[in-house]
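This report refers to the structure that appears directly beneath it.
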Amino acid sequence: MQIKKNDIVRIEIDNCGLDGSGIGRLDGLAVFVPSTAKGDIIDAHILKVKKSCAFAKIERIITPSADRIECPCSVNTKCGGCSFGHIKYEAEAAIKENHVKECFKRIGGIEPEFEPIITVDKVYGYRNKAQFPVRIDGDEISIGFYANHSHRVINCPGCLLQPAEFETILGVFTEYIKKYNVTSYDEEKHAGLLRHIYIRKGTASGEIAVCPVINGDTLPAETELVDMLTAALPEIKSIIINTNTDKTNVILGKKCRTIFGSDYITDTLCGMKFRLSPLSFYQVNRDQAEKLYKKAAEYAGLTGNETLLDLYCGTGTIGLTMAAEVKQLIGVEIVGQAIEDAKINALENNIDNARFICADAAEAAKMLADEGTKPDVIILDPPRKGCSATLIGTVAEMNPDRIVYVSCDPATLARDCKLFEELGYRTVKATPADLFPRTGHVETVVLMTGKQKNQISEDNLI
């Protein structure tokens, strides 16, 4: 059957991707349809036809999938944040687990022992951080998230993934913007003041930090803004102005100025207290991060005699939670403020066997190798782009007994594991972990061992 744009065709959805698009087939041609679920039978309105696939939208649902639910969010189809608001959580978790396995098989050519995906107890209200772009067009104020594949802001102050306090804070900012005629940043003209509103909450502590990101050094009526925010929410412990005057899509600038309270808030993770400033990395789902770090510690197989190297350590969270089980902890991070926080976090948790280095991961790994420091276990937790080939080579040359790799992108993880395998390491185990329910993101933790060290003591993995 030859299909063309604007045809209406009946298909059954037999698979689903991480972006929430279901996949049906018509005479062997894959048809991608957003907001569908495996088992849906639909009439699809064809929007675009290519040689290998077609793209469509739902014209009508003939028979709904058993996985389909009514999405509780009113802007789910407009906002680019959530992919799976229309299906049951169990179906979402299965899609993510399968995606990780497929990446390892297809990209890495590797099939390690997969453990079941670590699922969530809380599908909504789990995020401890959000960064809201702001757009002001006359009397219309939009504070929310970007529409998919665009920089058009969808107004969504009451996102279901965020704590309820965030909506209160955005309500205060809406009132403040109107009262003091605050302008929003225009990316094309590189003009206007308010770029983003960054909010962070300590899930365990309840402390809240509010950080307007501005194209300038000051906001109008800063004292009044402080009064408005603290009157609305006494839990606010920190209000910080972040200056970003660069022509960039990077959200935060490097300059912070505290206008109320502390320079940081604190939270408790794995029984330890952590200091969090605006530039500090911290997992957005604290409860799931505890489960993830527990699995990473299991894979590390620590006995108390090891030197542990934590690359991309951020504020030190992963390494510090394992510090009591090692002889020496070395953390490496390129963000200076995060390293300062990591040092303070070590002191406040009475950890005296930790050393932190502010440097690029590859440079630091080479420096440690040159000075003769030999880690027994290396933790890798890189950004989405994964590790460079240079870093992978340096890590392999350091010849650790075990490498524990924590990744937020299964594709780059599979690619990097393949490179490690080519250098003599074996990918032994992998566990997907869902830290971002309703969205198309999934974490994975992997255990790799060296050529002569494939047999890790089972006692250390209990």
Positions within the stretch 19-69 being polar (S, T, N, Q), part of a loop (DSSP other than H, G, I, E, B) and within 18 Å of residue 8 (Cβ to Cβ), in sequence order: 35, 36
field: Given (1) more than 17 Å from residue 83 (Cβ to Cβ); (2) under 20 Å from the mean Cα position of the chain (by Cα), index of the condition residue 184 fails
entry: (2)
query: So is residue 268 over 29 Å from residue 391 (Cβ atoms), in contact (Cβ under 8 Å) with a residue 40 or more places away in the chain and assigned to a strand (DSSP E or B) or not?
result: yes
message: Need pairs with beta-carbon distance below 9 Å; first residue in contact (Cβ under 8 Å) with a residue 40 or more places away in the chain and within the stretch 337-355, second small (Gly, Ala, Ser) and part of a helix (DSSP H, G or I); sequence gap 6+ or separate chains.
response: 349/323
task: State whether the residues of the stretch 252-274 include one that is surrounded by fewer than 22 Cβ atoms within 10 Å (Cβ to Cβ) and out of contact with any Ser or Thr (no Cβ under 9 Å at 6 or more places or on another chain).
output: yes
- request: Taking the residues in the stretch 4-17 that are within 21 Å of residue 439 (Cα to Cα) and buried (at least 18 other Cβ atoms within 10 Å of the Cβ) as candidates, determine which candidate is farthest from the chain's Cα centre (by Cα).
  value: 13
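Of 287, 310, which residue is surrounded by 21 or more Cβ atoms within 10 Å (Cβ to Cβ) and acidic (Asp, Glu)? Full working, then the answer.
Values: 287 fails: surrounded by 21 or more Cβ atoms within 10 Å (Cβ to Cβ).
Only one candidate passes the filter, namely 310.
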message: For the stretch 104-160, give me each residue that is touching a helix residue (DSSP H, G or I) at 6+ places or on another chain (Cβ under 7 Å), within 25 Å of residue 178 (Cα to Cα) and free of Cβ contacts under 8 Å to residues at least 60 places away in the same chain.
response: 136, 141, 143, 157, 158
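With 373, 394 as the choices, which residue is modelled with pLDDT under 95, crowded, with 18+ Cβ neighbours inside 10 Å and over 20 Å from the mean Cα position of the chain (by Cα)? Write out each step before concluding.
On the way: 373 fails: crowded, with 18+ Cβ neighbours inside 10 Å.
On inspection, the qualifying residue turns out to be 394.
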query: Could you count how many residues in the stretch 271-283 are assigned to a strand (DSSP E or B) and either among the basic types (Lys, Arg) or on the phi > 0 side of the Ramachandran plot (or both)?
result: 2
Qualifying position, being within 25 Å of residue 159 (Cβ to Cβ) and out of contact with any helix residue (DSSP H, G or I) (no Cβ under 6 Å at 6 or more places or on another chain), among 73, 53: 73
query: Do you know which residues across the stretch 20-41 are surrounded by 14 or more Cβ atoms within 10 Å (Cβ to Cβ) and of a type in the set (D, E, K, R)?
result: 25, 38, 40
task: Note down all Cβ pairs under 8 Å where the first residue falls in the stretch 373-394 and is basic (Lys, Arg), the second is surrounded by fewer than 22 Cβ atoms within 10 Å (Cβ to Cβ), and they're at least six residues apart or on different chains.
output: 374/307; 374/398; 374/399; 384/408; 384/409; 384/412; 385/409; 385/412
- line: Within the stretch 397-407, the residues that are farther than 21 Å from residue 372 by Cβ and at pLDDT below 95 are none
field: Number of the condition not met by residue 125 [criteria: (1) of a type in the set (Gly, Ala, Ser); (2) buried (at least 19 other Cβ atoms within 10 Å of the Cβ); (3) on the phi > 0 side of the Ramachandran plot]
entry: (2)
query: Which strands (runs of 3 or more DSSP E) sit wholly inside the stretch 296-373 and have at least 3 residues that are in contact with a strand residue (DSSP E or B) (Cβ under 8 Å, 6 or more places away or on another chain), outside the structural domain of residue 389 (by TED's automatic domain parsing) and under 22 Å from residue 278 (Cβ atoms)?
result: none
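The values are calculated or read from the model by the stated rules, or taken from the named source; none is laboratory data. What you see is a predicted model; the values in this text were computed from it and never measured. Every residue, glycine as well, gets a Cβ built from its backbone with ideal geometry; the counts of neighbours run over all protein chains shown.
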